[in-house]
Amino acid sequence: MEVDIHFYCPCGAVIEKTLPVPPQDPMAEQHSDSGTEYFDSAICDGCGKNFDVEVTDTYFEVDVIVAEAVDLSFDVRDLPEEDDVSWIIQSTQQFEEFTEVIQGVVALVETSVPTHADRTLRNMLYVQTVTTVEAYLSGAFIHAVLNSEELIQKLVESDPELAKQKFSLKEIFTQWEGLRITVGKYLKALIFHDLRKIKPMFKDVLGIEFPDIPWLFQAVLIRHDCVHRNGLDKDGNRHEITKSQVMELARSSADFVSQIDQELRCLVYENTSK
């Protein structure tokens, strides 16, 4: 399970985060003793304030605690995680899938629609473009890392939370695929929709440094307003997304992802040539 968390900083900025729901303790003798906790943090893009986030899972319910959060809300999602993550690990089509979506966005933005539907279409295409970039980055990272023992080791060394995970020798030797799924679920919940975490992980684990992408961080904020406020910012001002803005975002996204994918392909070639 995952929990999508949404709240406001006292400064007025919106904070969103997706975290894994910790599995209940299967060794607990009573349901009331099976509760588990997961701790993380969230940083406000507006003022830099750091929030401690606690996710608890008991036999009865999932709860989220964020001290000083304003209007905290969260949504728990049950996902067919094993199948989903297993597909990401095995798939080599991340770039092709990204390209197909971007081509669809470019084609649709030029589509003639009734005036009353035009704004909705532009907002949807803008949202889709941002989401497909995030999906590529998340999927490409998980695929590259979890198909290399060397990169898995780098990941563990660079991620203190993952390094705390405990596995028995039996699990290590007999359940390698299960361990990869576990790490994959952790990564998927950790980095999807969080560019601040994706960027350093690409650098620390893969040695790939992102170019300056302030345009993408800004697009993520606008995407939030389109999804949660029908295109209005927190002050009630409407984002008037034009066709040219959608096209520019699609072009910038394609250039960025193409650069990252080329570096990833070079990395894979170097690893397979050793």
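The values are calculated or read from the model by the stated rules, or taken from the named source; none is laboratory data. Small disclaimer: the values here were computed from a predicted structure and weren't measured. Backbone-built Cβ (ideal geometry, glycine too); neighbour counts: all protein chains shown.
Pairs linking a residue in segment 20-49 that is at pLDDT 90 or above and polar (S, T, N, Q) to a residue that is in a strand (DSSP E or B) and surrounded by 15 or more Cβ atoms within 10 Å (Cβ to Cβ), with Cβ atoms under 7 Å and 6 or more positions apart or on different chains, are S41/F51; S41/V53. For the subset of segment 50-65 comprising residues that are modelled with pLDDT under 90 and among the hydrophobic types (A, V, I, L, M, F, W, C), which member is nearest to A219 (Cα to Cα)? Ranking the candidates gives V62 first.
Condition check ((1) under 20 Å from D118 (Cβ atoms); (2) modelled with pLDDT of 90 or more; (3) among the acidic types (D, E)) across all residues:
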{"residue": "H193", "(1), (2), (3)": "no, no, no"}
{"residue": "V205", "(1), (2), (3)": "no, yes, no"}
{"residue": "P211", "(1), (2), (3)": "no, yes, no"}
{"residue": "Q218", "(1), (2), (3)": "no, yes, no"}
{"residue": "N237", "(1), (2), (3)": "yes, yes, no"}
{"residue": "L249", "(1), (2), (3)": "yes, yes, no"}
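Does segment 244-255 contain any residue that is out of contact with any Phe, Trp or Tyr (no Cβ under 6 Å at 6 or more places or on another chain), in a loop (DSSP other than H, G, I, E, B), of a type in the set (D, E) and closer than 21 Å to I102 by Cα? Looking through segment 244-255, none of the residues is out of contact with any Phe, Trp or Tyr (no Cβ under 6 Å at 6 or more places or on another chain), in a loop (DSSP other than H, G, I, E, B), of a type in the set (D, E) and closer than 21 Å to I102 by Cα. Residues of segment 233-249 include at least one that is in contact with a strand residue (DSSP E or B) (Cβ under 6 Å, 6 or more places away or on another chain) and surrounded by 12 or more Cβ atoms within 10 Å (Cβ to Cβ). The numbered conditions (1) at pLDDT below 65; (2) in a helix (DSSP H, G or I) are all true for Q165 except (2).
Cβ-Cβ contacts under 8 Å between residues 6 or more apart (or on different chains), taken from a first residue in segment 112-135 that is loosely packed, with under 13 Cβ neighbours inside 10 Å to a second residue that is not in a loop (DSSP other than H, G, I, E, B) and not charged (D, E, K, R), are listed as V113/L121.
Against the conditions (1) within 17 Å of F98 (Cβ to Cβ); (2) part of a helix (DSSP H, G or I); (3) at pLDDT below 90, K197 satisfies every one except (1).
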